[in-house]
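Peer 1: This is the structure I have questions about; it appears just below.
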């Protein structure tokens, strides 16, 4: 997740040479692209961690350190 001053709340993800920007709820691919399997995994992870992602979005905007978020099991 990167700090920036624009909405909607989002996070950046990378997979090999691919990159993407997703809405915090994981349902919206805002920019970039991933292979289908990687996209499904990111969307599942974001769905499970949307509350934590939103907390980190708010922390980033306040220039506070981000909290770790667990990966998929």
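Peer 1: Given the conditions (1) over 9 Å from the mean Cα position of the chain (by Cα); (2) surrounded by 14 or more Cβ atoms within 10 Å (Cβ to Cβ); (3) modelled with pLDDT under 90, report the number of the one that residue 25 does not fulfil.
Peer 2: For residue 25, the exception is condition (1).
Peer 1: Can you confirm whether residue 66 is over 12 Å from residue 10 (Cα atoms), surrounded by 13 or more Cβ atoms within 10 Å (Cβ to Cβ) and in contact (Cβ under 8 Å) with a residue 40 or more places away in the chain? Spell out the reasoning first.
Peer 2: Values: over 12 Å from residue 10 (Cα atoms): yes; surrounded by 13 or more Cβ atoms within 10 Å (Cβ to Cβ): yes; in contact (Cβ under 8 Å) with a residue 40 or more places away in the chain: yes.
Here the answer is yes, as residue 66 does meet what is asked.
Peer 1: If you scan region 6-27, which residues turn out to be without any contact (Cβ under 8 Å) to a residue 12 or more places away in the chain and outside any strand (DSSP E or B)? Walk me through it before giving the result.
Peer 2: The initial filter retains those residues of region 6-27 that are without any contact (Cβ under 8 Å) to a residue 12 or more places away in the chain, namely 6-7, 12, 14, 16-17, 21.
Hits for region 6-27 are 6, 7, 16, 17.
Peer 1: Can you name the residue in region 35-66 that is in a loop (DSSP other than H, G, I, E, B) and within 13 Å of the chain's Cα centre (by Cα) and, of all such residues, is modelled with the lowest pLDDT?
Peer 2: First, the residues of region 35-66 that are in a loop (DSSP other than H, G, I, E, B): 35, 49, 62-66.
From what's left, within 13 Å of the chain's Cα centre (by Cα): 49, 66.
Details: 49: 93, 66: 96.
Among those residues, the one meeting the criterion is 49.
The values are calculated or read from the model by the stated rules, or taken from the named source; none is laboratory data. Quantities reported herein were computed from a predicted structural model and do not represent experimental measurements. When we count neighbours, we look across all protein chains shown, and the Cβ atoms used for this are built from the backbone with ideal geometry, even at glycine.
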